[in-house]
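Report on one structure; see the data block that follows.
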Amino acid sequence: MTDYMTITTELPPYFFFPWFLMDIDLTLTAKLTYALLLDRARLSRFNGWTDEAGRVYIIFPIEKIAEMLGKSLTTAKNALTELEAAGLIERKRQQFSKPNHIYVKLPEGQKFSHP
């Protein structure tokens, strides 16, 4: 059974979906992937995961992304490729046997206030 939300209702855990994604020509899966990566980047920033240049990075295996999205590995890889082509993420290979770093980027000149 569902219940109506009230002023005192405890909300379930959630992550933000950036408004600027509404105006970008990406698949819905890529947009959702970006929101998921941005949420992870927030945690990385909180935990101090930065490279030598001070840029926040995340470590997020494609298998885990696919699992969280409820999509196949191919679909998750395609979403990451789409985000990289759009300039919203950058993936950097690390040394042998170390996981890749993903850098989540924000569009230049974008205002981040609620519409």
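Only the coordinates and a few stated rules stand behind these numbers; no lab work does. Please read these numbers as outputs of a predicted model, since none were measured by experiment. Here Cβ is always computed from backbone atoms with ideal geometry, including for glycine, and neighbour counts include all displayed protein chains.
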Next on the checklist: Given the C-alpha atoms of the chain, compute the convex hull and give its volume per residue in Å³.
Outcome noted: 166 Å³
Item to check | Sum of -39500 (n - 2.57) over DSSP H runs of 4+, divided by residues of the chain (222 nm, nearest 500) | outcome: -11500 deg cm²/dmol
Checklist entry - In straight Cα distance, which aspartates and glutamates are under 18 Å from LYS105, not counting same-chain residues fewer than 8 positions off? => result ASP23, ASP25, ASP39, ASP51, GLU52, GLU82, GLU84, GLU90
Item to check | Burial order of peptide ranges 60-73, 10-23 (average beta-carbon count within 10 Å, highest first) | outcome: 60-73, 10-23
